[in-house]
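Trainee: Before I ask anything, let me first share the structure, which is written out below as structure tokens.
The values are calculated or read from the model by the stated rules, or taken from the named source; none is laboratory data. Because the structure is predicted, anything quoted here is derived from the model rather than measured. Note: ideal-geometry Cβ built from the backbone for every residue, glycine included; neighbour counts use all protein chains shown. Ligands, DNA and RNA are stripped out before the accessible areas are found, and what is left, the full protein with its side chains, is counted by its heavy atoms. Shrake-Rupley method; radii C 1.70, N 1.55, O 1.52, S 1.80 Å.
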Number of protein chains: 2
Amino acid sequence: MFSNYLARPCRYFPAQCTVVKFLHTSPVKCSSVELTQIRYSNLKRGNYTSLADKHVSFFESLLSKTRVLTDKSDVESYNVDWLKTMRGASKVVLKPKSTEEVSEILKYCNDNVLAVCPQGGNTGLVGGSVPVFDEIVISTVLMNEIISINKTSGVLVCQAGCVLENLEAEVTERGLVMPLDLGAKGSCHIGGNISTNAGGIRLLRYGSLHGSVLGVEAVKADGTVVDCLSTLKKDNTGYHLKHLFLGSEGTLGIVTKVAIQCPPKPQAVNVAFLALDSFEKVLATYRLARSCLGEVLSSFEFMDRDSLMVAVTGLKLKSPVPEDTPFSLLIETSGGNSDHDEAKLSLFLEQATNKGFINDGTLATEPSRIKMLWDLREGITQSLTMDGYVYKYDISLPMEHFYDIVSIMKERLKGTSFIRCCGYGHVGDGNLHLNVTAPSFDRDLLDLIEPFVYEWTAKHRGSVSAEHGIGFKKTSVVHFSKSAEALKLMAQIKAIMDPKGILNPYKVLPSDPH
Amino acid sequence: MFSNYLARPCRYFPAQCTVVKFLHTSPVKCSSVELTQIRYSNLKRGNYTSLADKHVSFFESLLSKTRVLTDKSDVESYNVDWLKTMRGASKVVLKPKSTEEVSEILKYCNDNVLAVCPQGGNTGLVGGSVPVFDEIVISTVLMNEIISINKTSGVLVCQAGCVLENLEAEVTERGLVMPLDLGAKGSCHIGGNISTNAGGIRLLRYGSLHGSVLGVEAVKADGTVVDCLSTLKKDNTGYHLKHLFLGSEGTLGIVTKVAIQCPPKPQAVNVAFLALDSFEKVLATYRLARSCLGEVLSSFEFMDRDSLMVAVTGLKLKSPVPEDTPFSLLIETSGGNSDHDEAKLSLFLEQATNKGFINDGTLATEPSRIKMLWDLREGITQSLTMDGYVYKYDISLPMEHFYDIVSIMKERLKGTSFIRCCGYGHVGDGNLHLNVTAPSFDRDLLDLIEPFVYEWTAKHRGSVSAEHGIGFKKTSVVHFSKSAEALKLMAQIKAIMDPKGILNPYKVLPSDPH
């Protein structure tokens, strides 16, 4: 995963940019990751049928042998998550090409009570896309057909397994832009993005997928195809069912096709990278940016010193701001006219400087420089994995409390084995990525962080999972952000859509603590 | 209804505008509207308990007598829809002030199998907000408290009965704007907007409510409160349940509170009103506007000659374009800098003129003139009611087929009693309002229009209800836009959330033709 990152094109100007390479890859091998069923030994396997030869024969008759992986070495990478923190024990990976094949597979699995784990690009950060026990992996990797792109309406229709970056390249050629963008773009599948309601760095500008996804086709556990694949911007005919598949992480159905509204491609992109000395000034700068930059403000990303420095080191780059800068901001504008955007940005920077909000910074208008600044922001996640084990928290908080938890946690972990405790994320969306690293997984350290971090978040009316989802890792903490009535309704909906519970078990729905 | 329209402030500049008054009110009296149960005599009343004195006594003990209307004259207007095409026979209207009161009412009604009809501003156009038989009306008119407006995050939290226009005024004072706007703003309630997933004239810019509604609190049929009232932009903790209440028109629960993301208020607004001689040029102008105006394009509204002229006559205004203009467009920009926006608009108009797309037009930058142009567009709906009976169709279509159905319908209705057949709407969203007027309701005329219009729409992969919803009037045609599997899932969800079917019966879910 993330392999495409090494040579991926710049966000908006694919042809013109220089390439920054990671100098390290994660030191952990798939086979050395502890099995999830051992690490979480309290967890019991559900009462599902175990895979037998007759099942494999059926799948081979349906898909042919080439699309049914059973060799241990072939299956291995599908069992382990990108963070190398979970390892399932699945014995088979299926690679359907069409909705009909997904439907046949699920009907068979449902009839035979075989549990399945849908998998896209396997870039999730909460263990949602890998098996926990021996669930059958259904990979969307071969469902990568672009069905249509309408230049007038801006609507893209495609299969679920299309890689986000490839879609971006296709719509860019037609004067459009994908309404979402995230660090894992080179590997993640659009079906996975939709199933996890991915956020990312364009949400500030183009809003959430609940707004930009026009239609979804999904297959329920029993193999029935739910066709909500509208390509219309407006369709008020009955319940808005497609939203059930956005963010339910494959537990209600497997997304097979999607229709997405793509906005016009911006003609001009500018990035400012700014140094600030307090979090109060970060907030003041945000208010000023909203007012000065208005409709051209497309990103407002935040990183503290430790976050920036881990990326600077990992990428072997020079920091664009002094290395002791407590807080940095990456502010992006994108609009239809470069003169207008630059004028707005200049006015903003002038005011921010005059008001004493910012100490230092750099402005980039040329693609290669813009890309380098973005690489620093997007390289944090991967660079952190070099430390060993990463405890990741992806929380939403009211802006006034956005950074408090980082300082509190640092204090709390003093004297333990932790290497780094840092915060970065999407200030404009109230979304903080709090990360603690250690040389290896340490239960004592975990117990010191959790459930404290969730209780603190709940106390401040935040969300315990802003964009990463619940997956496997957060099922014991959903209740911090969902009321009992909402959880009951979730269980009722699960029961009508997947009565045997074969779809991505042990995920999303609340459980006892692992 | 629409009474506030007479004196409502201008969209963005409340203090500065002149007021345009309707010179007519609808000639039809509430008491002369045919009872729905007579007009649709095939329809059978559900097996609900009839209202008895003991029920009224309970409601009076809960709400006090002042908030329980039983006088025929008081109840009358709650029984009749804004279009004066439906009349229920409810004997009681309840006016709760709090979520707890709504919960108590519903628990009692559910226990006693009393059917209810939730009602906001009663501005719906498909009969969703009035009783069909004798359902108890639960009006949100007294649930009009604004709970909070956060200037930094832009999040508004309020009760469901707040009138959209009042919310607009409140957020405007804080430098924000409501992400939706529609002709009925002076009367419609935000809870109704959300329950019907209202579209309107800002959707092109700010997207649908599924994107901008952050949280919803709703009460289920049995009185349990489902608290999904998040104020966070990002919250990926389990199923995204709030979307079930958006567009389900009160059949799954009564929305009691909402949290909405309000964008920054634009600093500059400009409107161009343009004359075009073919629909092909309308589409070409749309493509040009998307490319030239980009992020400042906030509305792209369309009206044909008959639509414009009915408003010109109804409002006693002068047409801003020659009266024989086949097609007119109202194009609005709103952005952060008036010089930039005017430059973009000038370039667009220059190109549109040079390319021969537009024949004539006018540009408005001052508030009173902008308001007058908008009044023409927004006055069409009300002006059409002066003809007598209006057959309304609110359909989504692929852009290339957007106007075909108007010409086809005109041809089809030749020689009948129809007065006018016209089309207007939100081209940018693919949403056409097709309207046929006649002196009074005429079953033969109806049979000539329906199901033809729906079959034609389905054939072109459109939606039979783009923004008005299904309500009572479209339940027999939902299947044209929803697959059998989707309809089955709707029924299953209804069964778990409202097992006795007391919430807004005879609405939304498919029925046999009335």
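Trainee: Please give the calculated 222 nm ellipticity per residue for chain A, where each DSSP H segment of at least 4 residues contributes -39500 (n - 2.57) and the sum is spread over every residue; nearest 500 deg cm²/dmol?
Mentor: About -9000 deg cm²/dmol.
Trainee: So, one more: Return the average number of partner chain Cβ atoms within 10 angstrom of each residue Cβ along peptide B:424-431. Mind dumping the intermediate values first?
Mentor: On the way: counts 0, 1, 2, 0, 2, 4, 8, 5.
If you average over the peptide's residues, the count of other-chain Cβ atoms is 3.
Trainee: Around A:I136, which amide H atoms from residues at least 5 apart in sequence, or from another chain, sit under 5 Å from its own amide H, with H modelled in the peptide plane?
Mentor: Amide H neighbours of A:I136: A:A115, A:V116, A:C117.
Trainee: If you don't mind, there's one more thing I want to ask. Could you tell me the calculated FRET efficiency between B:K151 and B:V113, based on Cβ-Cβ distance and R0 = 45 angstrom, to the nearest 0.05?
Mentor: Approximately 0.45, to the nearest 0.05.
Trainee: Could you give the distance between the Cα centres of the range A:285-337 and the range A:430-490, to the whole Å?
Mentor: Using only Cα atoms, the two centres lie 26 Å from each other.
Trainee: Another question about this same structure. When 1/r is averaged over all different Cα pairs and the result inverted, which Kirkwood radius in Å belongs to the range A:387-469?
Mentor: So the Kirkwood estimate lands at 12.7 Å.
Trainee: How high is the FRET efficiency between B:A89 and B:E400 when r is their beta carbon distance and R₀ equals 51 Å, given to the nearest 0.05?
Mentor: The value I calculate is 0.65.
Trainee: Kindly express, to the nearest 10 degrees and within the range 0 to 90, the angle between helix B:367-378's C-alpha long axis and the longest C-alpha principal axis of chain B.
Mentor: Compared with the principal axis, the helix lies near 60 degrees.
Trainee: Still on this structure, please answer the following. Provide the per-residue ³J(HN,Hα) series for the range B:454-471, in order, calculated from phi with Karplus coefficients 6.51, -1.76, 1.60 and θ = phi - 60°, each as a whole number of Hz, with x at glycine and proline positions.
Mentor: 6, 4, 4, 5, 5, 4, 9, 6, x, 10, 7, 8, 6, 9, 6, x, 9, x
Trainee: A further question follows. Just which residue of chain A brings its Cβ nearest the axis of rotation onto chain B, and by how many angstrom, rounded whole?
Mentor: Per the A/B rotation axis, the closest residue of A reads A:G211, 1.
Trainee: Related question: How big, in percent, is the set of alpha carbon pairs in the range A:146-261 lying more than 17 Å apart?
Mentor: 51
Trainee: Here is a further query. Say a label goes 7 Å from Cα toward Cβ at B:S278 in every copy; what distances in nm does this one have to the rest, shortest first?
Mentor: 6.5
Trainee: Kindly provide the trypsin sites (Lys or Arg not before Pro) of the range B:417-480 that DSSP labels as loop, not H, G, I, E or B, and whose Cβ sees at most 16 other Cβ atoms within 10 Å.
Mentor: Those that pass, being in a loop and sparsely packed, are B:R461.
Trainee: 7 Å along Cα→Cβ for the label point: how many nanometres lie between A:L142 and each equivalent label in the other copies, listed shortest first?
Mentor: Reported distances to equivalent positions: 6.5 nm.
Trainee: Assuming R0 = 51 Å, what is the FRET efficiency of A:E280 and A:A491, from their Cβ-Cβ distance, to the nearest 0.05?
Mentor: 0.75
Trainee: Expressed as a whole percentage, what fraction of the accessible surface of the protein assembly as shown belongs to carbon and sulfur atoms when a 1.4 Å probe is rolled over the protein heavy atoms? Let's see the in-between values first.
Mentor: Working: 17190 of 34810 Å².
Taking all protein chains in place, the protein assembly as shown shows 49 percent carbon and sulfur surface.
Trainee: Please compute how much accessible surface disappears when B pairs with A, both sides summed, using a 1.4 Å probe, and round it to the nearest 100 Å².
Mentor: Working: alone 20710 and 20740 Å², together 34810 Å².
So the buried area, both faces added, is about 6600 Å².
Trainee: Using 0.36 nm times the number of residues separating A:T365 and A:S407, minus their current alpha carbon distance, what extension gain do you get?
Mentor: In short, 11.7 nm is gained.
Trainee: Be a star and scan the range B:195-213 for residues whose amide nitrogen sits under 13 Å from the point 7 Å along the Cα-to-Cβ vector of A:R174.
Mentor: none
Trainee: How shielded is B:483-496 by partner chains, expressed as the average number of their Cβ atoms within 10 Å of its Cβ atoms?
Mentor: That average works out to 5.
Trainee: When DSSP assigns beta bridges and you keep just the ones with both residues in the protein assembly as shown, what percent turn out antiparallel, to the nearest 5?
Mentor: Just about 90 percent of them are antiparallel.
Trainee: For chain B, what proportion of DSSP beta bridges, expressed in % and rounded to the nearest 5, is antiparallel? Mind showing how you got there, number by number?
Mentor: Numbers: 64 of 71 bridges.
If we restrict to bridges inside chain B, about 90 percent are antiparallel.
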